[in-house]
1. Pop a pseudo-label 7 angstrom from the Cα along the beta-carbon direction at both I59 and V102 and give the gap in nm to one decimal.
2. Using R₀ = 35 Å, calculate the FRET efficiency as 1/(1 + (r/R₀)^6) where r is the Cβ-Cβ separation of L133 and Q31; round to 0.05.
3. Mind listing which chymotrypsin sites (Phe, Trp or Tyr not before Pro) in region 40-102 are in a DSSP loop and have 10 or fewer other Cβ atoms within 10 Å?
4. Can you tell me the relative contact order of the chain? Whole percent, Cα pairs under 8 Å, sequence separation 6 or more.
5. Fewest first, what order do K84, K138 take by the number of other Cβ atoms within 10 Å?
6. What number comes out for the charge environment of H83, summing +1 per Lys or Arg and -1 per Asp or Glu over other residues with Cβ under 12 Å away?
7. Have a look at Y30, Y104, Y121 and tell me which one the Gaussian network model of the chain (Cα, springs below 10 Å) gives the largest fluctuation.
Amino acid sequence: MSPIIRNILAVVLGWVGGSAVNMGLINLGYQRYPIPGIDPSDMAALAEVMPTLGPEHFIFPFLGHALGTFVGAIIAGLIAATHKMKFSLAVGVLFLIGGLVVNYMLPGPIWFSILDLLVAYLPMAWLGGIIALKMTGK
């Protein structure tokens, strides 16, 4: 397989795999800490209630963002033919862009937005890239 195709696949599959982890953890969070009277698929209702939620409601979204990025970066790093860390970080950038959009659409407490944007994306992609490099011996 061409290295270019393999590198593109690395980012796409890293993004898809990380997104599955992200959504699984977010859905688990909704089950563990439901928001009374709110349908989690109703973005307008979620946006309205977000500032009033307690810290327990942000555990699983943070874990989803961080672990989704981490797993996606590992997948990208394992699949990439060249520049494994760069492709792991590319997945982190995609997740960061998604995080910025979600933080705009569903504004939560400032502490969560800062923690989420500074810790859950690029640092976790970097760690995922390191794990992928160690796993591939490069």
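Nothing in this text is a laboratory measurement; each read-out follows from the coordinates by a stated rule. All figures in this text were calculated on a predicted structure; none of them were measured in a lab. Positions of Cβ are generated from backbone atoms using ideal geometry, with glycine treated the same way; all protein chains shown enter the neighbour counts.
1. Placing both labels 7 Å along Cα→Cβ, they lie 1.7 nm apart.
2. Working: r = 35 Å, r/R0 = 1.01.
The pair L133/Q31 has a calculated efficiency of 0.50.
3. Details: sites: F58, F62, F70, F87, F95; in loops: none.
Counting only loop positions with at most 10 other Cβ atoms within 10 Å, none of the chymotrypsin sites (Phe, Trp or Tyr not before Pro) in region 40-102 qualifies.
4. Working: 216 pairs, mean separation 46.6, N = 138.
Relative CO of the chain lands at 34 percent.
5. By the 10 Å Cβ count, ascending: K138, K84.
6. After counting each charged neighbour, the total is +4.
7. Judging by the Gaussian network model, the answer is Y104.
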